[in-house]
Structure formats: structure tokens, C-alpha cells
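**Q** Below: one structure in C-alpha cells.
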Amino acid sequence: MKKLLLTFLSVIMLLTLTACGNSEGGEKNPAPENKTSAEKNSSEPAPAATTSGDKKILVAYFSCTGKTKALAENAASVLNADIYEIKPETPYTEKDLDWHDETTRATVEQKDENARPALADKGANISHYDTIVIAFPIWWGREPKIIDTFVESYDFGGKNLAAICTSGGSDIGTSGDYLKELAGNSANWKGGKCFFQKSERDEIKSYFDEIGIK
């Protein structure tokens, strides 16, 4: 009789331990953790963007002497924009920019309507932005031909587009109209302005406010 009773109690204890083991397993892997993608998206905030694509404005600039770079950096600061340097595949030397010499590289390019100096890269993520501001120096009364290459290399359809430039004396002239034409009718051309002095932030901001870029 005692042997039978001991056997019965052993069976009861074994069943109890098995039930406890199953219960602990359920606590370690609760069902709510296995969310679907849709559930996660509805209940958890989206991760912060780590690329510049969350910005709305891009300032793309070309500068050989540093003056236009300074203007572009001020503009990017005012607009809280990303900044991108337009680089030629073959950098310009000081000799290339000698406007007194009719045979220098820049002089020859500026006189050739079909000149399109090659870009070092085409990595500007234009599609990420609503507005692109192009900054450049005035060469021989016009935008440098590398700017023409840049504008023709991207699709500005549906984008706001504006130009700012530096100059030793010439105004923006026909550069704005020409870039507007190159960008195509699908781009929203906002205008262009030349800054002759080292421009203060207030002056730059005033211009962007005027043309509706913020």
C-alpha cells in the first residue's frame, strides 16, 4: 500500500513540475513581442533619419578661390540646408583662370557655348530635396561652364531652383535666364542674385525671404 502511495505521489509531483516549466517558457517569450511590421509602425516612432535626405534644401556650389564657398556656407547656414561642392574632374589652376590670356582653359571654355567640363562625380542626391540653390562665381560675364554641366546632369522637375553668385564687378546678367532654360520648364525657377561683397547673413536671408525660400 505504501509503495502504491509513493508511486502516486511521484506521478503528481512530475505533472506539477512539467506544468511549471511550460509556464516559465511562456513568460520568457510573451506573444506581444512578435509584432508584425504594420503593428510596429503604428506603435513605435520612426527612427530618425541619418542621411541628409531629411533636409529640404540643398546649396550646391562651385568655387575656385574660396569666395563663393564662403557665400554658399552662409546661405546653407541661413537656410539650415545641406551643402554640396560641385567639383570638376580636372581642377582649375591659377593659370587656367588668367582672364588676360585668351588661350587659358577658362577663357576658351567661356567662349564656347557647347563646352561642358566633366564633373568629378554626380553624387548630389537631388531627388531628396524640394529646393536647390546653386552658387557660383561669374566668369567672363556668365556662369562657369561647369555649372551648365551640373544643371544638365540632373532632373530638376518639380524642384524650386535659385542661383546666387559672387563677382568682382559683373552682375548675374543673363546667367539666371540661361540656367532657367537649361533646367527646363518643369523646374520652378525662383531667380538669381549676385553678391559683390562678403555678404552678411541678414542680406542673404533677406534675399531668400524675398523669393520665398526658407
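**Q** In terms of modelled amide H atoms, which long-range or inter-chain residues lie less than 5 Å from the amide H of THR166?
**A** Excluding prolines and chain starts, which carry no amide H, the hits are PHE136, ILE138, PHE195.
**Q** Here's another thing I want to ask about it. Cross-link list LYS87/LYS122; LYS95/LYS145; LYS95/LYS193; LYS111/LYS193: which exceed 21 angstrom alpha carbon to alpha carbon?
**A** From the list (LYS87/LYS122; LYS95/LYS145; LYS95/LYS193; LYS111/LYS193), the Cα-Cα distance tops 21 Å for LYS95/LYS193; LYS111/LYS193.
**Q** Next up: Can you sort THR65, THR131 by solvent-accessible area, 1.4 Å probe, largest first?
**A** Sorted descending by solvent-accessible area, the residues read THR65, THR131.
**Q** Something else: Karplus couplings for segment 111-119 from phi (6.51 cos²θ - 1.76 cosθ + 1.60, θ = phi - 60°), rounded to Hz, Gly and Pro as x?
**A** With the stated coefficients, segment 111-119 comes to 8, 9, 4, 9, 5, 9, x, 5, 7 Hz.
**Q** Still on this structure, please answer the following. Can you work out the accessible area per residue across segment 98-214, with the rest of the protein chains kept in place, probe 1.4 Å, in square angstrom? Please report the intermediate quantities before stating the final value.
**A** Values: 5860 Å² over 117 residues.
Accessible area per residue: 50 Å².
**Q** In addition: Mind giving me the nanometre distance, one decimal, between the label points for SER170 and ASP98, set 7 Å out from Cα along Cα→Cβ?
**A** 2.0
**Q** Taking the Cβ of ALA120 as the center, what net charge do the other residues with Cβ under 13 Å away carry, scoring Lys and Arg +1 and Asp and Glu -1?
**A** -1
**Q** Over the C-alpha atoms of segment 76-146, what are the Rg and the largest Cα-to-Cα span, Dmax, in Å?
**A** In Å, with Rg to one decimal and Dmax whole: 14.3, 41.
**Q** Explain nothing, just compute: Karplus ³J(HN,Hα) = 6.51 cos²θ - 1.76 cosθ + 1.60, θ = phi - 60°, for every residue of segment 202-214 in order, whole Hz, x for Gly and Pro.
**A** These are the phi-based 3J(HN,Hα) values: 4, 5, 5, 4, 4, 5, 5, 4, 4, 9, x, 10, 9 Hz.
**Q** OK, next. Could you grab the Rg to Rh ratio for segment 44-196? Cα atoms only, Kirkwood for Rh.
**A** Working: Rg = 15.7 Å, Rh = 16.0 Å.
Ratio of gyration radius to Kirkwood radius: 0.99.
**Q** Another question, if that's okay. Using bins 10 angstrom wide from zero, how does P(r) for segment 114-214 break down, in % of all Cα pairs?
**A** 15, 47, 34, 4
**Q** What ³J(HN,Hα) values, in whole Hz, does the Karplus curve 6.51 cos²θ - 1.76 cosθ + 1.60 give for segment 122-127 when θ = phi - 60°, with x put for Gly and Pro?
**A** Karplus values, whole Hz, x for Gly and Pro: 10, x, 6, 7, 3, 5.
**Q** Computed FRET efficiency, Cβ-Cβ of ASN80 and SER206, R0 22 Å: what is it to the nearest 0.05?
**A** On the way: r = 16 Å, r/R0 = 0.74.
Calculated value: 0.85.
**Q** For TYR84, what accessible surface area do you get with a 1.4 Å probe? Give it in Å², rounded to 10.
**A** 40
**Q** Ignoring ligands, DNA and RNA, what percent of the 1.4 Å accessible area of segment 87-214 is carbon and sulfur?
**A** Its accessible area is 44 percent carbon and sulfur atoms.
The values are calculated or read from the model by the stated rules, or taken from the named source; none is laboratory data. Computed from a predicted model, the values in this text were never measured in an experiment. Cβ: placed from backbone, ideal geometry, glycine included. Neighbour counts: every protein chain shown. All accessible areas refer to the heavy atoms of the entire protein, side chains included, with ligands and DNA or RNA removed. Shrake-Rupley method; radii C 1.70, N 1.55, O 1.52, S 1.80 Å.
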